[in-house]
Amino acid sequence: MKYSTFHKAFKLNSNSFNNIDDLLAYALHFSPEIHHFLEDWFSEKEVVVVKTSGSTGTPKSIQLQKKQMRYSALATGDFFQLNEKKTALLCLPIAYIAGKMMLVRALTLGWHLDVVNASSNPLKTLSRKYDFTAMVPLQLENSIDKLYLIKKLIVGGGFVSNDLQEKIQPLSTEVFGTYGMTETITHIAIKKLNRFPVWRASSLKSIFRKERVSLRNTGDNSFYQILPNTTIYKDERNCLVIENSKVSNEVVFTNDVITLISDTQFEWLGRFDNVINSGGIKLHPEIIEDELYKIIQQRFFVAGIPDDKLGEKLILIIEGSSSLLDIQKANLLRFEIPKEIYFVEKFIETATKKIQRKRTLDLIFIKV
């Protein structure tokens, strides 16, 4: 099937286009990357080749069906009630699925899309207001002072800490966390992140966490809510399994450990491949990091390294210069306190600004 048309209301950087040739000519002048994708999108091919981010492994190329990408765009527009002529901002790299899908949504739904550089502070020089955009957590963190320019915002590509959630509570912008991956054509689940009370339950966490129960339940919005036509369940590792033929021809077995709240809701606990088995106790780095955000201003993460006595030893890696840290101020269980702290001048990142934990961890072992 050839995608020989686009929505008549579609605009790019305030420009309207009579036909595909006009759009391609403008894109070639404006952005070779966008031009290349549009050429591919309007071609006879039924698939688009996209790259995974590489945050948890070696980046790879996969093929996505154009009809499934279009369905994903329609599902997003329906969920957020974003019809034609809505204004949207593209501030993510077009090389990856999240950036590509912002463009596909605009083409499919008839949005008026503006494009800015995919920087860590995309709203810095802007004054125009937008109905919708997508960001990664670092962009959200750096854009809080100007987030009034955005009505609805989705955040993906990384964990949104409780500290950041508290910062966005008083804002007028509706902020939503997304769950998804390249294989599912961005998000298949959404949860609201602000404009409701947020409180922690760290002191009551189970030591063993065979099945962690969230005590931050401020209503259904505390959990991820799956989008229509999606089926979810857990495998023997307690990892999420996704079925949605509208966006993927295959059943997707993830490495994300979850608590299944209902047939349509789940709570994300962390990555299975990040789990640390320290002395027989399974530690989820993401849960520990959520507490450490209270006392650490720089970027950081925790990880496990081999240990003769414990099997794996919990360590903390912080980006930046060495400094004193009062770890006791964090509300951590005894087993969650890092045994060692390392400082790294600069974390290794993917092109989408995700921390490459394993490669960054290698920097430590080169030095020690």
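Rank the residues 144, 258 as a footprinting-exposure proxy: fewest other Cβ atoms within 10 Å of their Cβ go first.
If I rank by nearby Cβ atoms, fewest first, I get 144, 258.
Please report the antiparallel percentage of the DSSP beta bridges confined to the chain, to the nearest 5.
Numbers: 40 of 63 bridges.
Here the share of antiparallel DSSP bridges comes out near 65 percent.
How far apart, in nanometres, would the label points at residue 9 and residue 305 be if each is projected 7 angstrom from Cα along the Cα-to-Cβ direction?
Distance between the two pseudo-spin positions: 5.6 nm.
Tally Lys and Arg at +1 and Asp and Glu at -1 over the other residues with C-beta under 12 Å from the C-beta of residue 131: what net charge comes out?
Values: positive: 85, 86, 105, 128, 129, 151, 152; negative: 84, 114, 174.
Local charge sum for residue 131: +4.
Which whole-angstrom value gives the distance between the alpha carbon centres of the range 68-100 and the range 227-252?
Rounded to whole Å, the Cα centres lie 21 Å apart.
Using only Cα atoms, tell me the angle between helix 66-79 and the longest principal axis of the chain; keep it within 0 to 90° and round to the nearest 10.
80 degrees
Just rank 252, 247, fewest to most, by other beta-carbon atoms within 10 angstrom.
In increasing order of surrounding Cβ atoms, one gets 252, 247.
Report the equivalent ellipsoid semi-axes for the range 121-167 in whole Å, largest first, defined as the square roots of five times the eigenvalues of the gyration tensor built from alpha carbon atoms.
Over the Cα atoms of the range 121-167, the semi-axes work out to 18, 11, 10 Å.
Ignoring solvent entirely, what values of log10 I(q)/I(0) come out of the Debye formula for the range 292-346 at 0.25, 0.26 Å⁻¹ when each Cα is a single scatterer?
One equal scatterer on each Cα of the range 292-346 leads to -1.07, -1.13.
Past 32 Å, Cα to Cα, is the threshold; run 11/346; 146/294; 151/313 against it and keep the listed order.
From the list (11/346; 146/294; 151/313), the Cα-Cα distance tops 32 Å for 11/346; 151/313.
Which whole-Hz ³J(HN,Hα) couplings does the range 268-284 yield from phi under the Karplus relation 6.51 cos²θ - 1.76 cosθ + 1.60, θ = phi - 60°, glycine and proline marked x?
Residue by residue, the range 268-284 yields 7, 9, x, 8, 4, 6, 9, 4, 10, 9, 10, x, x, 9, 8, 10, 9 Hz.
On a 0 to 90 degree scale, rounded to 10, what angle separates helix 357-367 from the longest Cα axis of the chain?
50 degrees
Tell me, 16, 278 in order of fewest to most beta-carbon neighbours within 10 Å?
On the way: 16 12, 278 19.
With the fewest neighbours first, 16, 278 line up as 16, 278.
At 222 nm, what value in deg cm²/dmol follows for the chain if DSSP H runs of at least 4 each add -39500 (n - 2.57) and the sum is divided by all its residues, to the nearest 500?
The helix-only estimate for the chain comes to -6500 deg cm²/dmol at 222 nm.
Which aspartates and glutamates have a Cα less than 20 Å from the Cα of residue 124, not counting those fewer than 8 places away in the same chain?
114, 141, 145, 174
For residue 159, what is the net charge nearby, where nearby means another residue's Cβ is under 9 Å from its Cβ and Lys, Arg count +1, Asp, Glu -1? Display every interim value, and only then the final one.
Working: positive: none; negative: 286, 289, 290.
Counting the neighbours of residue 159, the net charge comes to -3.
To one decimal place, what orientation-averaged projected area in nm² is obtained for the convex hull of the Cα set of the range 11-272?
Computing the convex hull of the Cα atoms and averaging its projections yields 14.2 nm².
Any idea what Rg and Dmax come out to for the range 226-368 if you just take the C-alpha atoms, in Å?
When restricted to Cα atoms, the range 226-368 yields Rg and Dmax of 17.4, 51 Å.
What is the helix-to-structure angle for 32-41, meaning the angle in degrees between its Cα long axis and the longest Cα principal axis of the chain, kept from 0 to 90 and rounded to the nearest 10?
70 degrees
List the lysines whose Cα lies under 24 Å from the Cα of residue 60, skipping any in the same chain that are fewer than 8 positions away.
45, 51, 100, 246, 353, 354, 358
With an 8 Å cut-off on Cα pairs and a minimum separation of 6 or more residues, tell me the relative contact order of the range 275-367 in percent.
For the range 275-367, the relative contact order is 24 percent.
The numbers here are math on the coordinates, done by the rules we state, and not lab data. Quantities reported herein were computed from a predicted structural model and do not represent experimental measurements. FYI the Cβ positions are ideal-geometry reconstructions off the backbone, even for glycines, and counts take in every protein chain you see.
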